[in-house]
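Notes to accompany the following structure.
The values are calculated or read from the model by the stated rules, or taken from the named source; none is laboratory data. Computed from a predicted model, the values in this text were never measured in an experiment. Note that we place each Cβ from the backbone using ideal geometry, even for glycine, and neighbour counts take in every protein chain shown.
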Amino acid sequence: MATLVKTPSGTWKAVIRKIGWPTASKTFRTKRDAEDWSRRAEDEMVRGVYIQRSGSERMTLEAALKRYLSEVTPTKKPSTQKGEASKAKKLTTELGKYSLAALSSEIIAAYRDKRLSQPATRKRTLTSNNTVRLELALLGHLYSTAIKEWGLGLTFNPVASIRKPKPGKGRERRFVGDEGDRLLGAANAHSVAADRKLTH
């Protein structure tokens, strides 16, 4: 049975102590909310499916991105590190105040749609599909890492269930003037030099 305590600030704190489980507690504005949460949590404990979500409810996306950038990003290539830092800034600006538990697929889908309709930085075009795809990939990998390694009580990656923008066409460029001949000449000179090193 949960213990309900009225705090000096007028809120209600529910505390559950059950053998085989760590103490679980949460604070609510009303006594009824505290009772409802207590019943649900105790029922989940009895069925063996209770997950303590307090970590994911306390950690904001901004804090999670800082942790990700300090723990995970340094293990990647330098070019990826730089790109992830700039993508994290955009995600923090738009979604940073949400807790990890509060970010839903609907909120992330709305973010995707908003980003696709915004002008790109230093360009007169809209933000590219690929930019938004990479931002969503960073957010999705952050959730995967948090679920597997950070022990925050997350069980669901909200990025996994939304549509990603289609990949862009990529860049197209053709040789101009004698660029093709110069490129082949440089490649041949390099391979001849490499062959000489091998034969000597």
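Within region 10-27, the set of residues being surrounded by fewer than 12 Cβ atoms within 10 Å (Cβ to Cβ) and touching a strand residue (DSSP E or B) at 6+ places or on another chain (Cβ under 9 Å) comprises 23 only. Which of the residues belonging to region 28-55 are surrounded by 15 or more Cβ atoms within 10 Å (Cβ to Cβ) and at pLDDT 80 or above? Selection gives 28, 33, 34, 35, 37, 38, 41, 42.
If you take the residues of region 126-169 that are basic (Lys, Arg) and not in a helix (DSSP H, G or I), which of them is modelled with the lowest pLDDT?
First, the residues of region 126-169 that are basic (Lys, Arg): 133, 148, 163-164, 166, 169.
With the extra rule that they be not in a helix (DSSP H, G or I), the set shrinks to 163-164, 166, 169.
Numbers: 163: 92, 164: 91, 166: 86, 169: 72.
The extreme case among them is 169.
Mind checking whether some residue in region 74-86 is of a type in the set (A, V, I, L, M), assigned by the TED database to the domain that holds residue 143 and in contact (Cβ under 8 Å) with a residue 40 or more places away in the chain? Break it down stepwise before answering.
First pass over region 74-86, keeping only residues of a type in the set (A, V, I, L, M): 85.
Filter once more, keeping what is assigned by the TED database to the domain that holds residue 143: 85.
Keeping just the survivors that are in contact (Cβ under 8 Å) with a residue 40 or more places away in the chain gives none.
So far as region 74-86 goes, no, none of its residues is of a type in the set (A, V, I, L, M), assigned by the TED database to the domain that holds residue 143 and in contact (Cβ under 8 Å) with a residue 40 or more places away in the chain.
Within region 102-133, being of a type in the set (Val, Ile, Thr) and exposed (fewer than 12 other Cβ atoms within 10 Å of the Cβ) holds for 121, 125. Within region 65-115, the set of residues being outside any helix (DSSP H, G or I) and within 14 Å of residue 140 (Cα to Cα) comprises 72, 100, 101, 103, 104.
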